[in-house]
Amino acid sequence: MMQIEIKRIAQSRINEVDFDHLVFGRSFADHMLVADYADGAWQKVSIQPYGPLTYQPAMMSLHYGQAIFEGMKAYRSKQDEILVFRPEENFKRFNKSAVRMCMPEVPEEIFMGGLRQLLQMDKAWVPAKEGCSLYIRPFMFSTDEYVGVSPSNTYKFIIFLCPVGSYYAKPLRVRVETEYIRAAKGGVGFSKNAGNYGGSLFPTQEANKAGYDQIIWTDAATHQYVEEAGTMNLMFVVNGALVTAPTGDTILDGVTRKSVLQIAKDWGMKVEERPLSVKELVEGIQSGAVTEAFGAGTAAVIAPIQVIAFEGKDYELPARKESDFSSKVFHEINHIRLGEVADTRQWIWKV
Ligand SMILES: *Cc1c(COP(=O)(O)O)cnc(C)c1O
């Protein structure tokens with residue numbers, strides 16, 4: 001068992017945070033987990049006060065982008081337990097991203113064991129208020145001081161925690177992107193590496209300027225098939241079936257996506273993981289075959305889509321109802337995450 005060295009903060013900063021007005025990703029809990037990789041092995045692991053780290057300008061990750069991350073959430077149940085939704089899935093995905101980026105895999109005892117200890121120390125930071133949670137950000141980056149393009153020999157793995165407020169998912173207006181791409185076959189779209197997000201900023205900004213909240217990414221080769229919505233997986237209800245793009249090189253294998261598909265199957269709904277063309281989508285909205293469109297991801301869980309723009313025309317989806325699949329699955333996942341229904345699928349990890 002790996003020893004974790006503990007350095008506690010002298011005075012907690014928790015009273016400086018306004019838990020009634022949390023802004024996503026702007027407040028940080030007292031401690032962070034830090035692990036160093038060097039000489040072909042994970043070396044020191046520590047939990048220490050969240051704070052600045054010092055690096056050389058030539059640190060490789062800043063130049064060539066060997067940097068990956070994950071995101072998941074911890075909740076406080078009514079029984080005052082700290083619950084995390086499917087973190088083992090994030091752990092496995094993190095190491096898939098690591099392999100693709102030529103980075104060392106993080107052992108389970110550091111990722112999961114370290115997370116448990118960190119959450120135990122900072123459990124006071126898990127908000128109790130409805131809809132709020134503690135966002136968990138594990139990440140890794142290369143740290144060699146070297147300006148040659150090659151894999152680094154040293155890395156840092158860190159987990160820090162952010163108390164976050166409830167996410168009001170107002171129905172989104174999204175635009176089908178047919179010029180820029182997020183991911184291509186053979187590329188790194190399936191990995192949560194930093195560069196994927198850097199590359200998405202400009203096209204998203206262009207869509208924002210045109211009055212849309214997000215982009216619907218299409219396939220890089222033909223721009224004919226829908227892939228993801230911003231940084232969420234994209235789902236539709238078409239003739240009563242749940243339709244989403246199959247995972248592969250270009251689709252991030254989302255934990256929320258996987259969970260929504262499983263719940264739909266358990267409810268007896270038809271699930272189709274298949275390419276959906278933009279043509280089928282817009283014709284389906286016009287004919288009434290497409291009744292729901294939504295994004296799925298950790299931040300919002302379910303983000304309903306109201307308008308889809310394609311070639312300068314807005315296609316409007318039916319108004320959202322409580323009886324919609326997306327509303328029901330949203331409530332179901334929330335109940336599971338908060339431990340309010342039986343965890344029949346073993347999705348909850350108790351700290
Ligand atoms: C993280 C992410 C998702 C959603 O994954 P979850 O595990 O459900 O949070 C979807 N698409 C992209 C591009 C992502 O980065």
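Remarks
- Matching residues in region 60-88 - criterion: being more than 11 Å from the ligand (Cβ to nearest atom) and part of a strand (DSSP E or B): Ala67, Ala74, Tyr75, Arg76, Ile82, Leu83, Val84
- Scan region 156-214 for residues that are more than 18 Å from the chain's Cα centre (by Cα), at pLDDT below 95 and hydroxyl-bearing (Ser, Thr, Tyr) and the total you get is 0.
- Among (1) out of contact with any Leu (no Cβ under 9 Å at 6 or more places or on another chain); (2) under 30 Å from Gln120 (Cβ atoms); (3) within 16 Å of the ligand (Cβ to nearest atom), the one test that Arg337 misses: (1)
- Count of residues meeting criterion [within 11 Å of the ligand (Cβ to nearest atom) and either touching a Pro at 6+ places or on another chain (Cβ under 8 Å) or among the acidic types (Asp, Glu) (or both)] in region 248-294: 1
- Within region 108-124, not a single residue is at negative phi, part of a loop (DSSP other than H, G, I, E, B), surrounded by fewer than 21 Cβ atoms within 10 Å (Cβ to Cβ) and away from the ligand (no atom under 14 Å from the Cβ).
- Checking Phe91, Phe160 one by one, the residue that is open to solvent by 20 Å² or more (accessible area, probe 1.4 Å) and within 15 Å of the ligand (Cβ to nearest atom) is Phe91 and no other.
- Selection status of Tyr315, assigned by TED's automatic domain parsing to the domain that holds Ala183, open to solvent by 10 Å² or more (accessible area, probe 1.4 Å), more than 15 Å from the ligand (Cβ to nearest atom) and without any contact (Cβ under 8 Å) to a residue 40 or more places away in the chain: yes
- Pick from region 261-297, criterion under 19 Å from Glu311 (Cα atoms) and hydroxyl-bearing (Ser, Thr, Tyr), ranking: surrounded by the fewest Cβ atoms within 10 Å (Cβ to Cβ): Ser287
The values are calculated or read from the model by the stated rules, or taken from the named source; none is laboratory data. Values in this document were obtained by computation on a predicted structure and should not be read as measured data. All Cβ positions, glycine included, derive from the backbone under ideal geometry; neighbour counts span all protein chains shown. Note: areas computed on protein heavy atoms with side chains; ligands, DNA, RNA excluded. Shrake-Rupley method; radii C 1.70, N 1.55, O 1.52, S 1.80 Å.
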